[in-house]
1. Any residue at all in the range 674-683 that is outside any helix (DSSP H, G or I), in contact (Cβ under 8 Å) with a residue 40 or more places away in the chain and either over 30 Å from PRO623 (Cβ atoms) or open to solvent by less than 60 Å² (accessible area, probe 1.4 Å) (or both)?
2. Looking at GLY531, GLY500 in this structure, which one is surrounded by 18 or more Cβ atoms within 10 Å (Cβ to Cβ), in contact with a Lys or Arg (Cβ under 6 Å, 6 or more places away or on another chain) and not hydrophobic (A, V, I, L, M, F, W, C)?
3. Out of all the residues in the range 146-153, is one or more surrounded by 18 or more Cβ atoms within 10 Å (Cβ to Cβ), within 21 Å of ASP367 (Cβ to Cβ) and modelled with pLDDT of 95 or more?
4. Being under 22 Å from ALA335 (Cβ atoms) and in contact with a Pro (Cβ under 9 Å, 6 or more places away or on another chain), is that true of even one residue in the range 780-789?
5. Can you pull out every residue in the range 777-792 that is within 30 Å of ASP582 (Cα to Cα) and either of a type in the set (A, V, I, L, M, F, W, C) or open to solvent by less than 20 Å² (accessible area, probe 1.4 Å) (or both)?
6. Could you tell me whether SER753 is in contact with a strand residue (DSSP E or B) (Cβ under 6 Å, 6 or more places away or on another chain) and not aliphatic (A, V, I, L, M)?
7. Which residue pairs have Cβ atoms under 9 Å apart, sit 6 or more places apart or on different chains, and have a first residue in the range 277-292 that is more than 23 Å from LEU128 (Cα to Cα) and acidic (Asp, Glu) and a second that is open to solvent by 20 Å² or more (accessible area, probe 1.4 Å) and in a loop (DSSP other than H, G, I, E, B)?
8. Does THR544 qualify as being under 20 Å from ALA713 (Cβ atoms), in contact with a Phe, Trp or Tyr (Cβ under 9 Å, 6 or more places away or on another chain), open to solvent by 10 Å² or more (accessible area, probe 1.4 Å) and hydroxyl-bearing (Ser, Thr, Tyr)?
Amino acid sequence: MRIIPFIIYTTVTVAMVVVLNKSWKVGDSRLPPIGKFLSPQHGFWQNAEAVDQDLSATISFPQLKGKAQVYFDERMVPHVFAENDEDVYFIQGYLHARFRLWQMEFQAFAAAGMVSAIVGEGKDGRVLKYDRGMRRLGMIYAAEKSLEEANRNPLAKAQQDAYTAGVNAWIENLKESELPLEYKLLDYKPEKWTPLKTALFLKYMSYDLAGGDDDLEYTNAKNSFSITDFEALFPAIQDSLKPIVPNTPESPYPVSTAFDLNKPASADSLYFTFTNDTITNILPGPDKDNGSNNWAVNGAKSSSGSPIVCNDPHLGLNLPSLWYEMQLSTPNFNAYGVTFPGAPNIIIGFNDSISFGFTNAGRDVKDYYEIQFRDASMSEYWFDSGWVKTTKRVELVGIRGEEALADTVAYTLFGPVYYDHNFPASEGSKKYYAVRWKAHDPSNETMIFYELNRAKNYADYEQAIKYLTCPGQNPVFGSKNGDIAIWQQGDFPAKWRRQGDFMMPGTDSTYMWKGLIPQAENPHMKNPARGYVSSANQLSVDSTYPYYTGNSFPVYRGLIINRRLDEMNSVSPDDMKALQTDNYNIKAEMGKNILLRLDESRLSADAKKYLSIFKSWNLRNDPTEKGATVFHLWWSELEKEVWSDEINRSGIPMPWPNETTLIESVTRDSAYRFADNISTPTKETIEDLLVTALEKATVQIKQAETDGKLDWAKYKDTKVQHLLKIPALSRLHLPIGGGSGIINATKADHGPSWRMVVHLSANTEAYGVYPGGQSGNPGSPFYDNFVNTWATGGYYTLWVMKKGEESDARIKGVLRFE
């Protein structure tokens with residue numbers, strides 16, 4: 001009779017083993033094997049780290065050519081000293097992997113369209129659709145071309161190989177108990193690192209900063225509006241623009257070009273008025289506010305007589321942070337700043353002679369062409385009076401727990417065919433659209449950072465930035481010899497006005513890019529008489545520049561930064577910190593007179609109450625200001641009242657007018673014609689809509705007040721989210737002001753990802769902060785320990801360690817490499 005209990009016991013034990021060691025799909029999520037995850041020896045318990053963890057050790061690797069030391073300071077910033085350049089990159093790769101491995105690999109997978117292989121196809125197949133979109137965009141193809149170009153340069157190849165070897169040195173010695181928490185949660189293990197993954201990550205920066213486009217939405221709008229109405233809603237240049245580089249005798253624009261920039265003779269019939277397919281299958285793209293602020297003041301404007309360089313890139317607010325702070329030092333260079341886990345070099349920072357930073361150019365380098373295929377096999381397409389063969393890539397998209405999807409993508413001379421009958425532009429569409437994107441062309445992005453890390457003067461800076469092709473950027477520069485400068489740098493296509501705003505015919509070369517703008521004709525400025533250079537993603541030039549640059553750029557941050565810098569003299573680093581964290585709302589300043597044109601007698605009691613709050617508001621988006629919330633909601637409702645009837649009437653995706661369009665249009669014309677709601681029999685005026693908008697906003701404002709969220713910071717509710725959107729691993733409800741169009745451009749989940757102020761005095765004085773921490777491990781005290789300082793507008797002093805300071809009290813651990 002004992003056999004029956006034994007069978008029951010054995011069956012239950014086996015069942016428990018199976019249950020506890022299997023990953024289970026629950027809804028759209030997947031649970032890790034509970035037994036492994038809870039294991040005291042290997043599970044998540046092992047990811048807990050002590051506050052006083054000792055990082056000191058001596059380790060040896062045969063790949064190293066000499067000895068090196070890494071000194072960790074009290075913020076766990078590594079100061080790396082190596083005897084040669086290859087070793088410093090090996091150690092950088094090793095440290096990136098040690099502290100940010102999961103993030104590095106996950107971001108490379110996201111760039112490659114390989115997320116479904118980790119998490120499955122997602123709710124409604126959205127993850128799989130994202131992956132297919134990235135494959136069809138040609139992300140892996142672009143990374144391969146970039147890597148081929150880098151391998152032709154011995155310096156680029158040497159740093160990539162050394163960095164890759166360092167990453168793999170950590171992976172190869174990684175114990176299961178040491179796996180980052182996310183691998184345990186998702187139940188998979190890291191692969192070996194390759195230079196292609198670095199290239200993919202850098203291409204993801206191209207996607208994030210130069211991969212957005214409005215061509216599809218603008219095509220829909222062009223199909224719906226007359227040319228006159230389209231130009232009124234979507235002007236190419238804003239009235240209130242303050243360009244990055246004004247056309248002055250000290251920074252003149254080219255007066256002529258070698259290109260024929262006249263629109264083609266067929267443009268009126270085949271481009272501007274031709275009705276294209278309606279595009280509804282538009283995947284979410286990069287955040288349109290991906291951008292930055294940067295500026296440099298010269299010695300004449302600073303209190304010390306030395307330049308000050310400032311930069312704060314605006315990107316997604318994530319944990320682990322996009323950035324990892326480091327000092328890299330060899331006999332050939334000594335650089336400090338933030339790095340990308342996944343790539344070598346300092347990306348934004350300074351060395352012993354200069355400082356450098358970046359903002360996004362926002363230029364249009366991605367266009368769509370309609371392709372005419374001979375048949376559905378997509379083997380041949382019509383171009384310049386003949387059939388041309390395509391090449392094809394079969395993209396195997398892995399899906400966790402399912403068979404991989406084989407997605408065949410045809411490549412034309414324009415680039416990959418993004419939309420076809422297998423991935424239609426809209427339901428039932430039989431149109432084919434290829435994408436021409438500058439990021440597909442060979443490039444060698446790592447070399448710009450390699451050269452800037454070693455630059456000593458303006459000539460070195462000017463040479464270094466020539467490696468920057470895509471994404472186009474505005475690299476700011478300052479040096480200890482007193483020079484300041486800014487260039488808009490990238491490979492930008494020479495275009496006629498409105499070229500590339502809409503889908504273009506792809507049956508011949510008529511609508512192809514005319515070529516690339518010569519680098520010397522890119523907008524630039526050195527040592528201007530006004531004493532500063534600056535950029536905030538606004539249009540770099542005015543209408544006298546001969547090339548078309550695109551159609552919609554932010555205006556307000558550039559406007560207020562230039563106003564402040566014009567007013568400032570005897571500037572100190574503290575003044576620059578205050579400017580980077582300034583919450584003044586210049587849009588509200590410009591729009592206030594319009595809003596106050598309403599007839600208050602038509603308002604409800606609640607609306608009058610909130611109008612009073614708005615009237616007494618100081619126009620600052622500080623954390624406790626209630627007027628900022630009232631303005632935000634009122635203006636949002638006003639834009640909807642003015643434009644929704646036109647833009648939303650067809651139910652297809654269309655762009656929203658620029659942030660300045662309504663203010664500028666109503667300022668020019670008080671009887672703005674778009675105020676009339678075309679769906680009603682009465683003729684509405686702006687004054688009517690002001691009342692309606694405030695009453696609609698009042699419902700939301702009153703609810704926010706009831707919920708205790710009328711203060712701007714509580715309403716905006718900024719958060720720094722874990723990359724997997726897990727609340728427990730995120731920092732939520734941060735008390736920070738700012739917002740879109742504010743110098744402190746902090747939105748709900750997007751904003752200043754690194755703030756840096758560098759005073760280029762004899763002994764460099766530098767400050768910085770980012771919203772995260774040096775460790776990617778949620779179980780580490782260094783995971784998010786910078787967030788509170790960042791949220792309150794604080795900065796850390798950036799310590800550039802020198803030889804002879806090895807016994808400094810700030811050093812908390814030493815890692816010795818042999």
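1. no
2. GLY531
3. yes
4. yes
5. The answer is PHE782, TYR783, PHE786, VAL787, TRP790, ALA791.
6. Numbers: in contact with a strand residue (DSSP E or B) (Cβ under 6 Å, 6 or more places away or on another chain): yes; not aliphatic (A, V, I, L, M): yes.
Answer is yes for this residue.
7. Pairs that qualify, where the first residue is more than 23 Å from LEU128 (Cα to Cα) and acidic (Asp, Glu) and the partner is open to solvent by 20 Å² or more (accessible area, probe 1.4 Å) and in a loop (DSSP other than H, G, I, E, B), are ASP277/LYS430; ASP277/LYS431; ASP289/PRO554; ASP289/SER740; ASP289/LYS747.
8. Working: under 20 Å from ALA713 (Cβ atoms): no; in contact with a Phe, Trp or Tyr (Cβ under 9 Å, 6 or more places away or on another chain): yes; open to solvent by 10 Å² or more (accessible area, probe 1.4 Å): yes; hydroxyl-bearing (Ser, Thr, Tyr): yes.
Taking the combined requirement at face value, the residue does not satisfy it.
The values are calculated or read from the model by the stated rules, or taken from the named source; none is laboratory data. Only a predicted model underlies this, so the values are computations on that prediction, with no experimental measurement involved. For neighbour counting, all protein chains shown are included, and Cβ atoms are generated from backbone atoms with ideal geometry for every residue, glycine included. SASA here: full protein model, heavy atoms, side chains in, ligands and nucleic acids out. Shrake-Rupley method; radii C 1.70, N 1.55, O 1.52, S 1.80 Å.
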